[in-house]
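The values are calculated or read from the model by the stated rules, or taken from the named source; none is laboratory data. Nothing here was measured: the structure is a model prediction, and the numbers come from that model. Reconstructed Cβ throughout: ideal geometry from the backbone, glycine too, with neighbour counts over all protein chains shown. Accessible surface is based on the protein model in full, side chains and every heavy atom, while ligands, DNA and RNA are left aside. Shrake-Rupley method; radii C 1.70, N 1.55, O 1.52, S 1.80 Å.
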Amino acid sequence: MEGNEHCHGKTLEHDHDQERRSAHSDATKNNLIARLNRIEGQVRGIKGLIEKDTYCDDVLNQIAAAQSALNSVGKLLLEHHMNSCVIERIQQGDHDVVKELLVTMNKLMK
């Protein structure tokens, strides 16, 4: 993980809603975006397979590959989140971040 990645401690207010932000290094952001662009291409490819009436097992294998790639992005982002945002918030005395993290991890593991 890049040393200059962190969460912004302040929140921005928009229409009475608070928006939290993270700061990722350019390298991390570019890595995540590149991975998501590949996944987007995979999903478009799967749509094309369906449109061409491709054999179901072949389509299912492509779906599994896309899901695996998306899980990898989630794991990478989770690692960065835990090493930056979560640690910072705990250091600031905000222990609710642990509950938030557990809810998020449960969603990721479905």
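Measuring between their Cα centroids, region 76-110 and region 30-50 lie 27 Å from each other. K52 to L32: FRET efficiency via 1/(1 + (r/R0)^6), r the Cβ-Cβ distance, R0 30 Å, to the nearest 0.05? Once rounded, the FRET efficiency stands at 0.45. Using only side-chain charges placed at the Cβ, +1 for Lys and Arg and -1 for Asp and Glu, the dipole size of region 47-110 relative to its Cα centre rounds to 80 debye. For R21, the solvent-accessible surface computed with a 1.4 Å probe is close to 110 Å², ligands and nucleic acids excluded. Residues V43, V86, sorted by accessible area with the largest first, give V43, V86 [1.4 Å probe; ligands and nucleic acids excluded].
Evaluating kT/(6 pi eta Rh) at 10 °C and 1.306 mPa s, with the Kirkwood radius of region 25-110 over Cα pairs in the Stokes-Einstein relation, gives 106 µm² s⁻¹.
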